[in-house]
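Below is one structure; the comments refer to it alone.
The values are calculated or read from the model by the stated rules, or taken from the named source; none is laboratory data. This is a predicted model, so every value here is computed, not measured. Because the Cβ atoms are built from the backbone with ideal geometry, glycine has one as well, and the counts that use them run over all protein chains shown.
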Ligand SMILES: C[S@@+](CC[C@H](N)C(=O)[O-])C[C@H]1O[C@@H](n2cnc3c(N)ncnc32)[C@H](O)[C@@H]1O
């Protein structure tokens, strides 16, 4: 069967630079190889299906050739085969349940969680993952989320540079962890070593989008959205991307590195200028209040209270504690919505539901009482849940 695919036709002298950028976008077709044009003056770079149909500059300077792809037969995409060669069949069998069969892609990086039991095979795991995923540049081991900023504890365990795999003495210039991720058709700048961002929350963000559309229909006007734990802004990316859905935005975070990335993202999404460096909460435009702020103190500023139709509360281990300080921010002249995430023991879900209902103002008639929905396991005992609360206007 012919495997017709798009290739970017790049003059030989530009291949190296363009390849770096294509890999950054994660647009290199996995398992396919780059090959020479008939006259030898160009290289044909195979493009992944996810690559945009209208490529931006500088890629748009080159022709796209649709032709049969050439499978890179040197690449075995099954990581178990590589692992077996590196550690032997018996060792693979011995720790059968512990090997990280799953992983998270993060641009051209991969994040893997390595059980204590197999820590001594970290280098082999990194090497096997890199050998089986030729478009991955850097593999990081995941030590979990930590501290107030909810940043992941990530350690580089392997890298690829100019086709050479390193699991020790990783070259410094391979350690860059700032990447561009494409989500719901939009680019998000992020760096998991300095600010929280999870690729796993995409479905959650789409659910928030659908609730926001429901509220927009109820109010019959674009929404004022407050995201006081916004991180690098992924929830806003989805909401702002929907034409006519959002008007005013308050986006803030306590982590200055997250705000720096947020400015970079907003500049791209809004096509308006924002500072390069982080700064305190400011009205940059009539419809944009952005910057560094402690969410629990926002309601001390009377200019910010009674103003927001939709509030996002994404600090799951402290949502219940912070909820009372966020309620004054709601616009109570009309129906409003709080969308929150909570980490709780399964045994405490029903008491937490009661607590949420006791903290919140009265619920909009016709809407159900807020209730935690389990989204996934956080640990053996804890569950990651989300809820939505439709709040009634004040009498
Ligand atoms: C779980 S992350 C969510 C980030 C973002 N909303 C997302 O979905 O990617 C929680 C964020 O809350 C921020 N944070 C923690 N405490 C805060 C506070 N008191 N005020 C404002 N932001 C806070 C952290 O820095 C972190 O970026």
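Here are the numbers for this structure:
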| read-out | value |
| --- | --- |
| Those residues of the range 131-168 which are over 15 Å from residue 103 (Cβ atoms) and within 15 Å of the ligand (Cβ to nearest atom), in sequence order | 144, 145, 146, 147, 148, 149, 150, 151, 153 |
| Boolean, residue 237 is surrounded by fewer than 23 Cβ atoms within 10 Å (Cβ to Cβ), touching a strand residue (DSSP E or B) at 6+ places or on another chain (Cβ under 9 Å) and within 16 Å of residue 105 (Cβ to Cβ) | no |
| Residue among 124, 148 that is touching a helix residue (DSSP H, G or I) at 6+ places or on another chain (Cβ under 9 Å), on the phi < 0 side of the Ramachandran plot, not in a strand (DSSP E or B) and not assigned by TED's automatic domain parsing to the domain that holds residue 49 | 124 |
| Identity of the residue in the range 285-294, touching a strand residue (DSSP E or B) at 6+ places or on another chain (Cβ under 7 Å) and more than 18 Å from residue 240 (Cα to Cα), that ends up nearest to the ligand (Cβ to nearest atom) | 293 |
| Pick from the range 295-336, criterion within 16 Å of the ligand (Cβ to nearest atom) and part of a strand (DSSP E or B), ranking: nearest to residue 245 (Cα to Cα) | 310 |
| Condition met for residue 169 (out of contact with any strand residue (DSSP E or B) (no Cβ under 6 Å at 6 or more places or on another chain), assigned by TED's automatic domain parsing to the domain that holds residue 139 and either at pLDDT below 95 or over 30 Å from residue 22 (Cβ atoms) (or both)) | yes |
| Output for the range 359-387, where each listed residue is assigned to a strand (DSSP E or B) and closer than 18 Å to residue 343 by Cα | 373, 374, 375, 376, 377, 382, 383, 384, 385, 386, 387 |
| Residues of the range 261-291 classified as in contact (Cβ under 8 Å) with a residue 24 or more places away in the chain and more than 18 Å from residue 308 (Cα to Cα), total | 9 |
| Residues of the range 8-24 that turn out to be touching a strand residue (DSSP E or B) at 6+ places or on another chain (Cβ under 7 Å), closer than 23 Å to residue 131 by Cα and at pLDDT 85 or above, as a count | 4 |
| When residues of the range 75-119 are limited to those that are under 16 Å from residue 28 (Cα atoms) and in a loop (DSSP other than H, G, I, E, B), the one modelled with the lowest pLDDT | 75 |
| Residue, surrounded by the fewest Cβ atoms within 10 Å (Cβ to Cβ), within the range 102-121, restricted to residues that are at negative phi and within 16 Å of the ligand (Cβ to nearest atom) | 104 |
| Strands (runs of 3 or more DSSP E) contained in the range 174-269 and holding at least 1 residues near the ligand (Cβ under 10 Å from one of its atoms) and under 22 Å from residue 384 (Cα atoms) | 223-227, 246-253 |
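Residues checked against (1) out of contact with any strand residue (DSSP E or B) (no Cβ under 8 Å at 6 or more places or on another chain); (2) surrounded by fewer than 18 Cβ atoms within 10 Å (Cβ to Cβ):
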| position | (1), (2) |
| --- | --- |
| 330 | no, no |
| 336 | no, no |
| 340 | no, no |
| 349 | no, yes |
| 354 | yes, yes |
| 365 | yes, yes |
| 370 | no, no |
| 377 | no, yes |
| 380 | yes, yes |
